[in-house]
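Have a look at the structure that comes next, please.
The values are calculated or read from the model by the stated rules, or taken from the named source; none is laboratory data. Since we're looking at a predicted model, the values are computed, not measured. Reconstructed Cβ throughout: ideal geometry from the backbone, glycine too, with neighbour counts over all protein chains shown.
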Amino acid sequence: MRLEGIHHITAITGDAPGNVDFYARVLGLRLVKKTVNQDDPTVYHLFYADEKGSPGSDITFFEYPGARRGQAGEGMVHRVVWRVASEEALDFWEARLGAEGTGVSRSEGGLTFEDPEGLGLELVVAETSDDPLIAESPEIPSELALQGFHGVRAYSSQPDLSRSFLEALGFESRGDTAFESRGEQRGSLYTYDATDDPAIPGAGTVHHVAWSSPPEEHEAWRQRVQEAGASPTPVIDRFYFKSIYFREPSGVLFEIATMGPGFTADEPLETLGERLSLPPNYEQLRDQVEPALTPLPNPREAWAAKS
């Protein structure tokens, strides 16, 4: 069994409308699912991805309106890294983000910046055989668009404590502090950095990183996680995928999520993310939940109005 790289990354926002504007309009990702946090259905769970909502491209956010900013620290992912195709793509993003007032730091082969709530983001030019996972945007040529996740960077003062655990899950060492999860279809990097900052959860911080599993291997992955020394949750049915959760030895919250059934389970591909989707066991709450949620813009309606 091999994990197929990153499935999704989930973070926290205190401002859903601003979050939609940045990730869907500025970064050009598609809002593929507008639903609720299944552990707290009074708040949004927003999913942005490529045009098809593919695992490997999906960054998601829980909205807690007005949540104070957090701080990435020990035992927390502090940067999300996407692939782009070329230095020309970095030129494009340096100009686009600068025009939006977003500060950027350019280096050969990379560009680092933060989202409006301080979440660390990076674009890298990466040679890979993985298929590019691209969303359509009238403002972003497809050859310059984000192409799916390259990896994440986490903080740990003792990354060696996690080495044997990660290797038991099939991660391969890529140096002293970097590991790669690669399956038959895709791969992603998991890299450690040092910090003296304490972890303070809040807006602009990552809640967890999820790794991809074929559905038929999910129970076997739960057993493997147990044998490696962690304490996974029971398998939880999230309707769009099934999940187990556990902490790796450095403290980062991991999820293993199945690659399906996917976001078209309750919406056609053509209209993903345009209405509030509720899993069947939450549908009876729609009349209570929907009026309490923050109204959100639909970036694709705005594009259509301009065309």
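Take the residues in region 165-179 that are within 15 Å of residue 7 (Cβ to Cβ) and not aliphatic (A, V, I, L, M); name whichever of them is surrounded by the most Cβ atoms within 10 Å (Cβ to Cβ).
Among those that are within 15 Å of residue 7 (Cβ to Cβ) and not aliphatic (A, V, I, L, M), it is 171.
Looking only at region 62-120, which residues are hydroxyl-bearing (Ser, Thr, Tyr) and loosely packed, with under 14 Cβ neighbours inside 10 Å?
86, 105, 107
Of all residues in region 137-171, which are charged (D, E, K, R), at pLDDT below 95 and in contact with a helix residue (DSSP H, G or I) (Cβ under 9 Å, 6 or more places away or on another chain)?
Across region 137-171, the qualifying residue is only 139.
For the structure I just gave you, tell me whether residue 297 is at pLDDT below 90, closer than 30 Å to residue 137 by Cβ and not in a helix (DSSP H, G or I).
Yes: the conditions hold for residue 297.
Regarding residue 206, is this residue of a type in the set (A, V, I, L, M, F, W, C), out of contact with any Phe, Trp or Tyr (no Cβ under 7 Å at 6 or more places or on another chain) and farther than 19 Å from residue 149 by Cα?
no
Where the second residue is surrounded by 20 or more Cβ atoms within 10 Å (Cβ to Cβ) and in a loop (DSSP other than H, G, I, E, B) and the first is of a type in the set (S, T, N, Q) and lies in region 1-29, which pairs have Cβ atoms under 7 Å and are six or more apart or on separate chains?
That search, which allows pairs on different chains as well, returns 13/117.
Further question on the same structure: Name the residues in region 172-189 that are out of contact with any helix residue (DSSP H, G or I) (no Cβ under 7 Å at 6 or more places or on another chain), closer than 28 Å to residue 52 by Cβ, part of a strand (DSSP E or B) and of a type outside the set (Asp, Glu), would you?
181, 182, 187, 188, 189
If you don't mind, another one. Where the second residue is modelled with pLDDT of 95 or more and in a strand (DSSP E or B) and the first is closer than 14 Å to residue 53 by Cβ and lies in region 122-136, which pairs have Cβ atoms under 6 Å and are six or more apart or on separate chains?
Close Cβ pairs (under 6 Å, with a partner that is modelled with pLDDT of 95 or more and in a strand (DSSP E or B)) amount to 135/30.
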